[in-house]
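The values are calculated or read from the model by the stated rules, or taken from the named source; none is laboratory data. Values in this document were obtained by computation on a predicted structure and should not be read as measured data. Every residue, glycine as well, gets a Cβ built from its backbone with ideal geometry; the counts of neighbours run over all protein chains shown.
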């Protein structure tokens, strides 16, 4: 199909306009509201709507206030046809078809409309044509190729005929329907009958568990009932025997009580006799003990008297030994005192000798110290005469230097006078007289007024030149200051001053050396302290000399002292031995005295006890004689024997009756009987309770309910297996089919993608590629290895890809009839470089596809090489041909 | 008794037939001149059956004119929940007797006959109840015929005889030799069984078939063990129940085989009381498989139940070339078919078909069906 011409009248803002279109690319330029979009709108409505339509969309296209309707007319070729087709909408509506080829024919109204649709249907894919148009404002949107049979056919052919036919689509739909009977569409979860059966199965499993549990409980009751019945039988059998046992044991217990009473009386009699016998035995024992005690005391008194005499002898010997030891100790102590005196006298002599030596040493030191001190004092006196210290000498040196400087300066501007003495001559220089030896020189400057008088023979008056006056004054000042300083220092010249300064320094060094020697001699001790020390020591030596019994000049004083000390140590040892011996004797004496005292006291106590015992024996005998007491003992023993025999007889009977066991047996038998009766009662109650429960549960018919549930569960399970098998088959078929269908779609979309890539490489670069979806939309763009989803791309890229996709689709179908591609105001988001490449693409595509571009920015399409340009002007009423 | 494979009215019919057996027995007694009936256990599936089941059975029994001795068995033991202690059973006439202990029944109404039984008191006895009974018996008086009723499995028929409740055949045969009994009527085994060469120990089987595993069900025994008819008592098997539980095994590879199966099914009589379990083998095409499904579907409601025994069925459904061509597949549908057909082949030799291959075969069959045998 190729559009040749489009004409509008009274269409929105366009009164009348016509554009003629080229077979290749036609660029229709025009400002806003020039009517570019109106051409596209009119073209669509021309083919789509009948002239009689009342749609609001149509009503809006006719301007208000005019009598005629809105007219659109198009001239085109399609298939074998060349025709002109026009419609007028809203007012004076009309449809006219004028077929020029292959045979001339004119049709109007509905007939014309239907005929055009028939021609289009037979020749082009109207849906695709609608899809590839790019209207203003939709530049970012994807293309919908959903209903495009021709594109599908073209792609199918390009893909090698692997696309699906109607039959496959129907099968796919049926397979999906079958799948959806069992599974949800999105999550693939079981649904429908299968899900219901599984739910029912879970319910049945729960019911099975519940009923099984109830039946198990019922069986437990049955088992418990049987057990209780068994226990009840056993208890009922045991009960009479237990009752008889209790009666027998109670009778036995009464007999036992009688014997126990007899036994108790006899036990009392035995106990009484035993007490009486024990009392008599006690009294007899007491008397025997008193007699024995009396005899023991008498014997002890005799024995202790003998021991006392022996102790007295021992004590006297001990006292004697003590006295001897004491004397020995005292004698040794006296010897020690004498020896100590001798030692002390030797020590005094040694001390005296040492102090004398020390005194001599101090006196020598004192003499040295005094001498050194005197020398130091002399030096200090000498030092006091030297007044030129470092400061003063520096001052002198400085003044002398200044004076010389002045002399040089003055000398440079005035004549000098040099007098050389040929003999000793007295010269008065400015009033001062001085003797100059033979050969000495006197230099006088002429910078100041001065007078030299040689003896009385010659007077030389020097008057300086007027130019050196101020210099001379300064020189005089300096000179005077130097002379005054020298006078103050007691020297006549700087040379002498320097000699005095050197001597002062030497004196200081000598003083330092002298003080160092003095310190070495005295050791920080002053002469006065040393003198005092010497005086103290002299007095001490005098005292020691007075006390000394041995001459301090003896050569063997230390040997003597050592011998005396050795004697003293030996004596100390003897003294210690004598002291120990005395202490022992003293202890022996004290011990002997103690033993003697104890013996004397023991004898006294024994005698006192003997008296007391004798009195007691006499009192007892007086009360009851021992013979009578022994007779009472014989009688009491007889009574005890009789009672014990009787008790033995009764006890033997009691033992036979097992007195302790009988009580326990009776109590136990009673308790056992009570317990058995209680058990019987409880078991009967429990049995009745179980019976009631069983009756209640029996009425429920649990077995059949359970069997019914089990049967349904098994039926349900079988049905689930059957339906699961069907479901898995449906799932398998659906998933396999859809997988192949998607694969086929991908194969099918490949030719379109390849065309997009072929063109896109020019625009974006060599490494450009796109992925198309099953619905033939661009999913992603890959550039320089980076893949970006379509929706995330920039506006410009999306716009360019949208045009490329439309061009690719148009080219694919161009081999058949082909169809024009209309682009309304696109490439508004494209930069200059890509405008150039897009221009090249459009130029290339126009060789096989008619392209109509509507734009208000003609510069965007200046890169399109071979384009026909048509300019529209606002409110134009005449045709503008190509420039 | 509930059978899971019997649905709805088939189960109701089965239950009712079991109750209706009681008047049927009375008719047989009359027809063959029987003096009394012994039932050796498991009259009821459980002591916990619904009260209406007990009442309906008791109602039929109350009309039963012949003496009947009912021995409690392992399913209906004489325990605290015994069905025989319900009011319905207590109200039965005196000639309907439940054997409750080892007491020997003697009556003028049955001269020269002694009946004694070993009832079960719980579901899991720990002793040989029959052996215990015969040990306690004295030899029968001259001219008296003693019938012993017992329930359980004879050790001579059991692979494992270690269970303490097994019935000792040795004791029984010794008791027979000692003239302590003349005939032992046994219950528990659902197949008629002559257990001893003397012909005096029999399992009577079940009067109404209940399962596919039973041998010679639907029978009662007519026994004359009277003294003086030595050496063997007269024992006659009499048909009673109409229910059949049939296994049908068939190899199907061709449409002719399928027709053979159809004929086989159609020949079965009394279909409403027949439960059929099909065990099929062979290899069939999709169309034959679809026809088989149709055949089973069409006959399902005719029978009490008609099922394919999946465990014993090994039927390969493999599409053949004709079917493939018939479908005229193209495009991705053809690719899908090829893949499924390849997966469906994945089972080697006699090995059972893999699950994946089975699913693929089912998917192919479904595809064949959905394509209406041609696209």
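Of note:
- Residues satisfying the stated conditions in the stretch A:578-595, i.e. surrounded by 13 or more Cβ atoms within 10 Å (Cβ to Cβ) and closer than 25 Å to residue A:337 by Cβ: A:578, A:579, A:581, A:582, A:583, A:584, A:585, A:586
- Count of residues meeting criterion [within 16 Å of residue A:76 (Cβ to Cβ), touching a strand residue (DSSP E or B) at 6+ places or on another chain (Cβ under 9 Å) and not in a strand (DSSP E or B)] in the stretch A:1-53: 12
- Residue in the stretch B:322-333 that is in contact with a helix residue (DSSP H, G or I) (Cβ under 6 Å, 6 or more places away or on another chain) and closer than 30 Å to residue B:242 by Cβ present: no
- Selection within the stretch A:285-340 - in contact (Cβ under 8 Å) with a residue 40 or more places away in the chain and within 23 Å of residue A:614 (Cα to Cα): A:286, A:287, A:290, A:291, A:293, A:294, A:297, A:298, A:300, A:301, A:304, A:305
- Annotation note: of A:612, A:551, the sole residue that is exposed (fewer than 12 other Cβ atoms within 10 Å of the Cβ) and more than 60 Å from the chain's Cα centre (by Cα) is A:551.
- Looking across the stretch B:145-176 at every residue that is under 22 Å from the mean Cα position of the chain (by Cα) and more than 21 Å from residue B:98 (Cβ to Cβ), the one that is surrounded by the fewest Cβ atoms within 10 Å (Cβ to Cβ) is identified as B:159.
- Candidates B:220, B:208, filtered to the one that is assigned by TED's automatic domain parsing to the domain that holds residue B:38, out of contact with any strand residue (DSSP E or B) (no Cβ under 9 Å at 6 or more places or on another chain) and buried (at least 18 other Cβ atoms within 10 Å of the Cβ): B:208
- Filtered residue count, the stretch B:182-195, keeping only those that are within 19 Å of residue B:129 (Cα to Cα) and without any contact (Cβ under 8 Å) to a residue 60 or more places away in the chain: 5
- Residue in the stretch A:701-724 that is outside any helix (DSSP H, G or I), facing chain B (nearest Cβ under 10 Å) and farther than 30 Å from residue A:844 by Cβ present: yes
- Criterion violated by residue A:502 - all others in (1) in contact with a helix residue (DSSP H, G or I) (Cβ under 7 Å, 6 or more places away or on another chain); (2) in a helix (DSSP H, G or I); (3) within 18 Å of residue A:386 (Cα to Cα) satisfied: (1)
- Number of the exception - residue B:65 against (1) modelled with pLDDT of 90 or more; (2) surrounded by fewer than 21 Cβ atoms within 10 Å (Cβ to Cβ); (3) outside any helix (DSSP H, G or I); (4) touching a strand residue (DSSP E or B) at 6+ places or on another chain (Cβ under 9 Å): (4)
- Breaking point among (1) more than 12 Å from chain A (Cβ to nearest Cβ); (2) closer than 19 Å to residue B:220 by Cβ; (3) within 20 Å of the chain's Cα centre (by Cα), for residue B:1: (1)
- Top-ranked residue in the stretch A:427-443 [being more than 18 Å from residue A:463 (Cα to Cα) and touching a strand residue (DSSP E or B) at 6+ places or on another chain (Cβ under 8 Å); ranked as surrounded by the most Cβ atoms within 10 Å (Cβ to Cβ)]: A:427
- Residue selected from the stretch B:31-52 under the condition free of Cβ contacts under 8 Å to residues at least 24 places away in the same chain and more than 14 Å from chain A (Cβ to nearest Cβ), by the criterion surrounded by the most Cβ atoms within 10 Å (Cβ to Cβ): B:31
- Residues that are touching a residue at least 40 places away in the same chain (Cβ under 8 Å) and more than 11 Å from chain B (Cβ to nearest Cβ), drawn from the stretch A:682-700: A:683, A:684, A:686
- Filter pass, residue A:744 being in a helix (DSSP H, G or I), touching a residue at least 60 places away in the same chain (Cβ under 8 Å), within 9 Å of another protein chain (Cβ to nearest Cβ) and crowded, with 18+ Cβ neighbours inside 10 Å: yes
- Filter pass, residue B:78 being more than 27 Å from residue A:695 (Cα to Cα) and within 11 Å of chain A (Cβ to nearest Cβ): no
- When residues of the stretch A:167-187 are limited to those that are crowded, with 18+ Cβ neighbours inside 10 Å and away from every other protein chain (no Cβ under 11 Å), the one nearest to the chain's Cα centre (by Cα): A:183
- Restricting A:120, A:58, A:98, A:83 to residues that are closer than 29 Å to residue A:801 by Cα and more than 60 Å from the chain's Cα centre (by Cα) narrows the list to A:120.
- Residue A:241 exposed (fewer than 14 other Cβ atoms within 10 Å of the Cβ), away from chain B (no Cβ under 14 Å) and part of a helix (DSSP H, G or I): yes
- Unmet requirement for residue B:213, which otherwise passes all of (1) assigned by TED's automatic domain parsing to the domain that holds residue B:305; (2) loosely packed, with under 14 Cβ neighbours inside 10 Å; (3) free of Cβ contacts under 8 Å to residues at least 40 places away in the same chain; (4) under 21 Å from the mean Cα position of the chain (by Cα): (1)
- The stretch A:188-232 - residue that is in contact with a strand residue (DSSP E or B) (Cβ under 7 Å, 6 or more places away or on another chain) and surrounded by 14 or more Cβ atoms within 10 Å (Cβ to Cβ) and, of those, nearest to residue A:714 (Cα to Cα): A:198
- Taking the numbered list (1) under 26 Å from the mean Cα position of the chain (by Cα); (2) away from chain A (no Cβ under 14 Å) in turn, residue B:91 passes all entries but (1).
Each row is one residue, and each column tells you yes or no for (1) closer than 22 Å to residue A:222 by Cα; (2) touching a helix residue (DSSP H, G or I) at 6+ places or on another chain (Cβ under 9 Å); (3) not assigned by TED's automatic domain parsing to the domain that holds residue B:198.
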{"position": "B:82", "(1), (2), (3)": "yes, yes, no"}
{"position": "B:91", "(1), (2), (3)": "no, yes, no"}
{"position": "B:111", "(1), (2), (3)": "no, no, no"}
{"position": "B:114", "(1), (2), (3)": "no, no, no"}
{"position": "B:122", "(1), (2), (3)": "yes, yes, no"}
{"position": "B:145", "(1), (2), (3)": "no, no, no"}
{"position": "B:156", "(1), (2), (3)": "no, yes, no"}
{"position": "B:170", "(1), (2), (3)": "no, yes, no"}
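- Test: residue B:326 is within 14 Å of another protein chain (Cβ to nearest Cβ), modelled with pLDDT under 80 and surrounded by fewer than 19 Cβ atoms within 10 Å (Cβ to Cβ): yes
- Qualifying residue in the stretch B:205-224 (condition: in a strand (DSSP E or B) and either at pLDDT below 90 or touching a helix residue (DSSP H, G or I) at 6+ places or on another chain (Cβ under 6 Å) (or both)): yes
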